[in-house]
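Quick one: the structure is below, and I'll ask about it shortly.
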Amino acid sequence: MTDLVGYFSAFLTTFAFVPQALHSWKTRDLSGVSLPMYSLFSLGVFGWLIYGIMIMSWPIIVANSITFMLACVVLYLKITHKD
């Protein structure tokens, strides 16, 4: 039951980033995206991923792997496309 709660919460928080990543990819409009915030957020998600690996928690590993990839897409677009 604990993992089920973890997976459900991971699904919600991870896929909350899909609309931002898709919007950024399609429009290349990242004027509303803060580079410092996304940089810190991505670093924090990476830390959660490492933590999940260390304690072998699959909900944490899966959620933060996907979230890290999505955040990196937005970060990459923010850095390479000038507002």
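Compute the FRET efficiency between Tyr7 and Ile50 as 1/(1 + (r/R0)^6), taking r as their Cβ-Cβ distance and R0 = 25 Å, and round to the nearest 0.05. It would help to have the intermediate numbers written out before the result.
On the way: r = 19 Å, r/R0 = 0.78.
Efficiency, rounded to the nearest 0.05: 0.80.
Tell me, what does the Kirkwood hydrodynamic radius of the chain come to in angstroms if you use every pair of distinct C-alpha atoms?
Values: mean 1/r = 0.0754 Å⁻¹.
For the chain, the Kirkwood estimate is 13.3 Å.
Give the value in nm², to one decimal: projected area of the alpha carbon convex hull of the stretch 39-83, averaged over all directions.
Working: hull surface 11.5 nm².
The number I arrive at for the stretch 39-83 is 2.9 nm².
Since every read-out is calculated from the coordinates, none of them should be taken as a lab result. Computed from a predicted model, the values in this text were never measured in an experiment. Note: ideal-geometry Cβ built from the backbone for every residue, glycine included; neighbour counts use all protein chains shown.
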